[in-house]
Structure formats: structure tokens, C-alpha cells
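Comments concern the structure below.
The values are calculated or read from the model by the stated rules, or taken from the named source; none is laboratory data. If you're wondering where the values come from, they're calculated on a predicted model, not measured in any experiment. Every residue, glycine as well, gets a Cβ built from its backbone with ideal geometry; the counts of neighbours run over all protein chains shown. Only protein heavy atoms, including side chains, enter the accessible area calculation; ligands, DNA and RNA are left aside. Shrake-Rupley method; radii C 1.70, N 1.55, O 1.52, S 1.80 Å.
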Amino acid sequence: MNKNTLVVGFMLFAVFFGAGNLIFPPKLGFDSGVDFWISIGGFVLTGVGLPLVATIVAAYYEGGYKKALENISPIISLLLLSAIYLTIGPFFAIPRTAATAYDIALTPFLEQASPTSLLLFTVGYFAITLWVSLNPSKMVDRIGAILTPALLIAIIALVIRAIMLFSGTDTTKAQTLDAPFFTGFIEGYQTMDALAAFAFSVLVINGIKAKAQANSSLVKQTTLAALIAAVSLAVIYISIGWIGYKIPLSTDTVVDVTTKGQHLGTFILNTTANQAFGELGRSLLGLIVTLACLTTAIGLVVSTSAYFNSIFPKIPYKAYAVLFTLIGFGLANQGLNAVISKSVPVLLVLYPISMTALLVLLVNLVIPLPKLAQRLPIILVTVIAIASVAKIEFITQLPLSAYSMEWLPFAIIATVLGYIFGKVKK
């Protein structure tokens, strides 16, 4: 493995490694108790495996998922990608960055978090976001290039210190999960990285092309980079999940955190940082996370605005930037838990559709599929996923519905039937 491959691998890691994702593994680790290793396995599968497989598949299609989905159906491409951009943009990911930064950087130093303090914080946060987004420059990319290693070093230091603190802790916890693997699997949706792979695949592939060796194929370089990024992400997620698994928290403490409206994941990270490095260490972690969240928010406003400007060019880019920043600002002021809880139903619709699209495009590389075999499963899974979130009685009785996987048999059956009927029609 050469230097270029490592550079490309860590570039891909930086694309998917976001500060906003750090809060989910610790909470999952604490909630899963004795089922930690099973649940974190499910989390890694969707939080790491899916986005990186999606990146590899994108390397096979010229123009990335936008062109690949347009070849299936221009309407499917427009609707799915628009929904993805709005999800990883103003409606969920952007407000989550602000709420996460507030919870980690400011809440620990307040006697009582309040809507007023959150409002003041987000006013400054989104004012900077909008100011930079209206005049995007390479400055943000350069700052991000510094912050990602800084955040990574801070997390590694925190994990090493946590191992020293908690390695002897008794992990016998009363709580268990009914379906630990699928709980972790669904929790992995929260990273939104598989959706990001659909949105940013062209940028990622172009970056890989720019740094890849001339005598090496794009697919090979992408695969090697994906393996490096996958291992790195998995190690980070498992490590901070282990902190939540090991940290000794009383029931009263957990109830108090919940009562105050603070996310348990941010509380675990803050508590561990304080025990590991004191107030200075916790403050430094809060600063790094806040800056990393800020650069992520700016990048998302810029990319989402640019996408919709390319689709509907009559509306200027700056109008989109203002609109999406204002939406993010409004939603962030509902608090982190509210942003997360409201994102879950949307992700339970979008992830099955995206995974079905990925499955179809993956199969198409091996067995060329007729258009019907590509369209039918995506359309059918869309109906099933929406009906499932709406809790329609028929859907709740389907196999795998208890695990939010009732869409999978429909995706497989629709692909097979679409292939058969497509061939017969041809």
C-alpha cells in the first residue's frame, strides 16, 4: 500500500467522519448493556459499511448516483436526491450540528440549559454559517482539513484515557435490548453517511481521481480507500461506543439528564472528558467539536444550495442559502433530542429506499437489469416504507416488521419479477 492510497483513504474518512455523529455510539453503548457487541455490530454495518459500499458502487457509474438514478428514471432521481439533500441539509443534519455543538460546548457550563441560551448560541452559530455560505471559499476546506485531524486526535486521546479509567469497571448492567443487532442497525441510520454517499459521490470520486496513481484503476483506488476509511470509522465508533458501555452512571443521573433535555450521548462524552482531562480538557473538546460542526454546517448549506440551484436555476444560490440557514436555525432551537426524534421517521423512509437503489445498482453491475427491474423495487419499497412509518395495520403484520426490515423481501421480489417481466417484454 503506497502513500497516495493512504492519503485518499483518509480523505474519504474525513468526508464521513462528522462531529455530529459522535453522540450516537456512546448512547447505544450505554443503552445496550450486555448486548453491546451485538448492537455496535449492527451500528457499524449501517454507519460504516453502507456508505463505503455506496462509494465503491459509485465508482462504477460515470457521473455518480445522479446520472445512475437518472438512467433508471429522471423523476426517481429528482425526488430521491432532493429528499436526501433536504435531510442531510436544512431539515436534520444542519440543525443537528448546531444543537450538538451547544450540548457539548455550552450546556456543561450552565446551571440550567434554557431556550434563551440556545437561541443566543444559535444566532451566532448560524450568522457565521450564513456569512461564509454566501461567499464560499477554500478557507472552509482548509480549516476543515485542520479540524478533522484535531478532532480525531482529541477522540483518540479521550479513548486511551477512558480505557485507563474504565477498563476495570464492572459492566454487568441490568438493561438488555429485545433485538440488539437491529437496534444498532437502525441507530446507524442516524449517521446519515449512506445518504451523504448518494449526494456527494461525484465529489468524492473526483477527489480520488485527482490523487490516484495514473496506472491504477479508479475502482481499485476507491476500494482500497474505502477499506482504510471503513477500518478507521469502525475503530472510532466502537471505541466511543465502548465508553458508553463501560461508564458507570447511576439511574438517578440518567433520569436527571433526561429531565433536563440533554442528550445522553453528549453527557457521556462530556463526563468522560471531564474525568479524563478536567475542565480544560472538556472545554477544548467542546471548542473542537463546535468548530468541526460549524464547518460541516457551512459545507452542507453550500452543497444543498448549489444542488437546488442547479435543478431550479431561476432561484439564485444566495436565496437558497438564506432559506436553508433559516430553516436550520428554527429547527435547531427545538433542542437536540427533538431534532433527532423528528429525523427518525424520515430516515426510516429514506434508508430503505436508498438501500434498495444501492442494491439494484449493485446487482446491475453483475446482471444487467431491465429498466422495470430497477424502477419497480424502488417504487414498491417507497410505498412500503411510507406505510410502515404511518403504521398501517397491514404493514405491521408483515415478516421482519418488528425489526423495521419489512421492505427487504419486497425489494428482492420486485427485482426478480421486474427482471422476468422485463425480459419477457423485450
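Things worth noting here:
- Residue satisfying condition, being open to solvent by 50 Å² or more (accessible area, probe 1.4 Å) and within 24 Å of the chain's Cα centre (by Cα), within set Ala402, Ala411: Ala402
- In the stretch 232-254, residue surrounded by the most Cβ atoms within 10 Å (Cβ to Cβ) [restricted to those that are farther than 20 Å from Asp35 by Cβ and of a type in the set (A, V, I, L, M)]: Leu233
- For the stretch 75-120, filtering for residues that are more than 13 Å from Leu294 (Cβ to Cβ), assigned to a helix (DSSP H, G or I) and among the polar types (S, T, N, Q) leaves 6.
- A single entry from Val257, Val301 fulfils the requirement of being open to solvent by less than 20 Å² (accessible area, probe 1.4 Å), over 28 Å from Ala194 (Cβ atoms) and either at pLDDT below 85 or not aromatic (Phe, Trp, Tyr) (or both): Val257.
- Residue within the stretch 99-109 that is surrounded by fewer than 16 Cβ atoms within 10 Å (Cβ to Cβ) and of a type outside the set (Lys, Arg) present: yes
- Glu70 being open to solvent by 20 Å² or more (accessible area, probe 1.4 Å), out of contact with any strand residue (DSSP E or B) (no Cβ under 6 Å at 6 or more places or on another chain), at pLDDT below 95 and under 17 Å from Ile378 (Cβ atoms): yes
- Filtering Ala306, Ala357, Ala338 for residues that are out of contact with any Gly (no Cβ under 7 Å at 6 or more places or on another chain), modelled with pLDDT of 95 or more and aliphatic (A, V, I, L, M) leaves a single hit, Ala357.
- Residue check, Gly278 under 20 Å from Phe121 (Cβ atoms) and of a type outside the set (D, E, K, R): no
- Within the stretch 260-274, restricting attention to residues that are more than 20 Å from Phe36 (Cβ to Cβ) and touching a helix residue (DSSP H, G or I) at 6+ places or on another chain (Cβ under 8 Å), the residue that is surrounded by the most Cβ atoms within 10 Å (Cβ to Cβ) is Ala273.
- Elements of type helices (runs of 4 or more DSSP H) contained in the stretch 1-65, each with 1 or more residues being without any contact (Cβ under 8 Å) to a residue 60 or more places away in the chain: 3-16, 36-44
- Subset of the stretch 328-343 (residues that are assigned to a helix (DSSP H, G or I) and open to solvent by less than 50 Å² (accessible area, probe 1.4 Å)): Gly328, Gly330, Leu331, Ala332, Leu336, Ala338, Val339, Ile340, Ser343
- Test: residue in the stretch 82-91 that is touching a Cys at 6+ places or on another chain (Cβ under 6 Å), in contact (Cβ under 8 Å) with a residue 40 or more places away in the chain and hydrophobic (A, V, I, L, M, F, W, C): no
- Any hit, the stretch 319-327, residues being more than 19 Å from Leu78 (Cα to Cα) and exposed (fewer than 15 other Cβ atoms within 10 Å of the Cβ): yes
- Number of positions in the stretch 182-217 that are open to solvent by 30 Å² or more (accessible area, probe 1.4 Å), among the hydrophobic types (A, V, I, L, M, F, W, C), farther than 21 Å from Ile88 by Cβ and modelled with pLDDT under 80: 2
- Residues of the stretch 269-305 satisfying the condition of being touching a residue at least 12 places away in the same chain (Cβ under 8 Å) and farther than 22 Å from Thr148 by Cβ: Thr271, Asn274, Gln275, Ser305
- When Ala226 is tested against (1) over 18 Å from the mean Cα position of the chain (by Cα); (2) more than 26 Å from Val339 (Cβ to Cβ); (3) assigned to a helix (DSSP H, G or I); (4) not acidic (Asp, Glu), only condition (1) is not met.
- Filter pass, Gly29 being under 29 Å from Ile205 (Cα atoms) and crowded, with 18+ Cβ neighbours inside 10 Å: no
- Of residues in the stretch 417-426 being in contact (Cβ under 8 Å) with a residue 24 or more places away in the chain and not in a loop (DSSP other than H, G, I, E, B), the one nearest to Val366 (Cα to Cα): Tyr419
- Residue ID - modelled with the highest pLDDT, chosen from residues in the stretch 240-254 that are among the β-branched types (Val, Ile, Thr) and farther than 22 Å from Ile146 by Cα: Ile243
- Per the listing Lys138, Lys173, the residue uniquely farther than 21 Å from Gly299 by Cα, modelled with pLDDT under 85 and among the basic types (Lys, Arg) is Lys173.
- Identity of the residue in the stretch 387-399, open to solvent by 90 Å² or more (accessible area, probe 1.4 Å) and either touching a residue at least 60 places away in the same chain (Cβ under 8 Å) or not charged (D, E, K, R) (or both), that ends up nearest to Pro352 (Cα to Cα): Pro399
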